[in-house]
Amino acid sequence: TVKCRGCWKLVFFYEYFNAVLINEVNEEGNSVELGGEFILQPNDHFNNLSVNLSLSVVQVPTNMYNKDSAIVNGVYWSEALNKVFVDNFEKDPSLIWQYFGSAKGFFRQYPGIKWKPDEHGVIAFDCRNRKWYIQAATSPKNVVILVDVSGSMKGLRLTIAKQTVSSILDTLGDDDFFNIIAYNEELHYVEPCLNGTLVQADVTNKDHFREHLDKLFAQGIGMLDVGLTEAFNLLSDFNETGRGSECSQAIMLVTDGAVDTYDAIFAKYNWPDRKVRIFPYLIGRESAFADNLKWMACANKGYFTQISTLADVQENVMEYLHVLSRPKVIDREHDTVWTEAYIDSTLDDGSGPVLMTTVAMPVFSTKNETRNRGILLGVVGTDVPVSELLKTIPKYKLGIHGYAFAITNNGYILTHPDLRPLVSTANKSIGIGL
């Protein structure tokens, strides 16, 4: 308990094992804060990596304060997962990594292992950007991103806007469809060849759109009414094709202000059902037009965020995920998701990188006071080697020339007899192919 401005305030102190700081010492030879002695022993089940089978570790993204009260509180209550992880591993020794990705940003991983930053001292990993988290936390969605490229967006504002759009793309998964429209006096589809439609948010499409973002430049006057009209029509037309998701639709508005509330447009296209949520991102420190953008968000079941600097981008972009997850949380939809096969190079057993898939499901708050507000606590998951899936196939029923395979709902191959890693000697990259 500490005294603050004449009153007493209860301050919560809690130490945890930070994945980067464990076993680190300072110049005096003492353990650093959030570090401490953490026993690590090589284990052949984990390809002789040094792990701790009794405890998990916590990773916090470099851009977040690892002693933030929200982080520390979440780490504290999630410590109970240690026993769950250990029990799971004892019941099923074939398990590999088990983990919990928090909506606050921290990542609890079992068994405990030390993480090493890159050459710049940075760990860019954020569990909330991973496919398993995105697929489990939100339902499939159709998204139109509107970017203001009027003259007032010149300089740093446009740079922040581009980074905001890129971060939004990071939060989209293979179940989502999207497009990006820039506007001033006119509309400019970022990819002109894909105007009038939405595309699947797979890695190839997202990278392609990122390349076109660099070509945007600011000039002219922002006509937001034209942009909103196009976005609503685009979502409506795409729904009529039967593709994507009609249940979850959103317009992401990236701008430095709005001179009107444009309620006539919302009344025509979105009210009273409000099927399309509006998420305004106000770029810059000025807040003269913040009230209009806040009104748009509230009137259309969205969320308003102001982004002043590049450092604010990633954390503020994440806020919309909490809103889109609410229907899922309130309805208690504990959907289990499986990702496509990917490569875990840390478990290379000498015969090559190991093919893995992740199974994950959302974690909701069950407190009475939060039940109707739809609070997503995070996503829990575990990695499953594809070889384990192959063991479940009843080969005796297939015949001599028969074989089994599995694909995801997005057409990605999960398991196939000819599925194997492809290593390029030219750039030392790793892919998956048949």
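The values are calculated or read from the model by the stated rules, or taken from the named source; none is laboratory data. Just so we're clear, the structure is a prediction, and the values are computed from it rather than from any experiment. Please note: Cβ atoms are built from the backbone with ideal geometry, for glycine as well, and neighbour counts cover all protein chains shown. Heads up: the accessible areas ignore ligands, DNA and RNA and are worked out on the full protein's heavy atoms, side chains in. Shrake-Rupley method; radii C 1.70, N 1.55, O 1.52, S 1.80 Å.
Output the antiparallel fraction of DSSP beta bridges having both residues in the chain, as a percent to the nearest 5. Close to 65 percent.
Working note: Cα gyration tensor of the stretch 247-295, eigenvalues times five, square-rooted, sorted largest first, giving semi-axes of 22, 13, 7 Å. On average, how much accessible surface per residue is there in the stretch 100-210, in Å², for a 1.4 Å probe, leaving out ligands, DNA and RNA? I get 34 Å² per residue for this part. Among the trypsin sites (Lys or Arg not before Pro) in the stretch 90-158, those located in a DSSP loop and surrounded by at most 14 other Cβ atoms within 10 Å of their own Cβ are K154.
Just so you know, the Cα atoms of the stretch 62-216 work out to an Rg and Dmax of 19.7, 63 Å. Listed by chain and number, the lysines whose alpha-carbon sits under 18 Å from that of K154, ignoring those within fewer than 8 places in the same chain, are K162, K215. D170 sits with roughly 50 Å² accessible to a 1.4 Å probe, with DNA, RNA and ligands left out of the calculation. Averaged over its residues, the stretch 268-358 has an accessible area of 47 Å² per residue, based on protein heavy atoms and a 1.4 Å probe. Inverting the pair-averaged 1/r between distinct Cα atoms of the stretch 1-149 gives 17.6 Å as its Kirkwood hydrodynamic radius.
For the chain, the mean residue ellipticity at 222 nm estimated from helices alone is -7500 deg cm²/dmol, where every DSSP H run of n ≥ 4 contributes -39500 (n - 2.57) and the total is divided by all residues, rounded to the nearest 500. Mean separation of Cα pairs under 8 Å and 6 or more residues apart, divided by the residue count, gives the chain a relative contact order of 14 percent. Exceedance of the 26 Å cut-off in Cα-Cα distance is limited, within the set K83/K104; K67/K91; K206/K294; K141/K367, to K67/K91; K206/K294; K141/K367. Dividing the C-alpha radius of gyration of the chain by 2.2 N^0.38 Å, with N its residue count, gives 1.08. The distance from the alpha carbon centre of the stretch 377-418 to that of the stretch 298-319 is 39 Å, rounded to a whole number.
Within the full protein context, the accessible area of W338 is estimated at about 110 Å² for a probe radius of 1.4 Å. Helices assigned as whole DSSP H runs in the chain whose Cα atoms extend at least 20 Å along their own long axis and whose mean Kyte-Doolittle hydropathy is 0.0 or higher are found at 156-170, 224-239. Which Cα, out of I181, M361, Y133, lies furthest along the positive dipole direction of the chain (beta carbon charges, K/R +1, D/E -1)? The residue sitting farthest along the positive end of the dipole is M361. Please work out whether the stretch 100-182 counts as rounded, prolate or oblate from its C-alpha gyration tensor, where a ≥ b ≥ c are the square roots of the eigenvalues and a/c under 1.5 means rounded, while otherwise a/b larger than b/c means prolate and anything else oblate? Oblate, since a/c reaches 1.5 and b/c is not below a/b. Bridgeable lysines around K268 (alpha carbons under 19 Å apart, same-chain partners fewer than 8 residues away excluded): K301. Here the stretch 165-315 was treated as a single set of alpha-carbon atoms; its pair distances binned every 10 Å from 0 give 10, 40, 40, 9, 0 percent. Counting only aspartates and glutamates at least 8 places from K275 when in the same chain, those with an alpha carbon closer than 13 Å to its own are E246.
Would you please put 191-198, 394-401 in order of how densely packed they are, using the mean number of other Cβ atoms within 10 angstrom per residue and starting with the highest?
Ranking the peptides 191-198, 394-401 by packing returns 191-198, 394-401.
Expressed as a whole percent, the accessible area of the chain that falls on carbon and sulfur atoms is 52 (1.4 Å probe).
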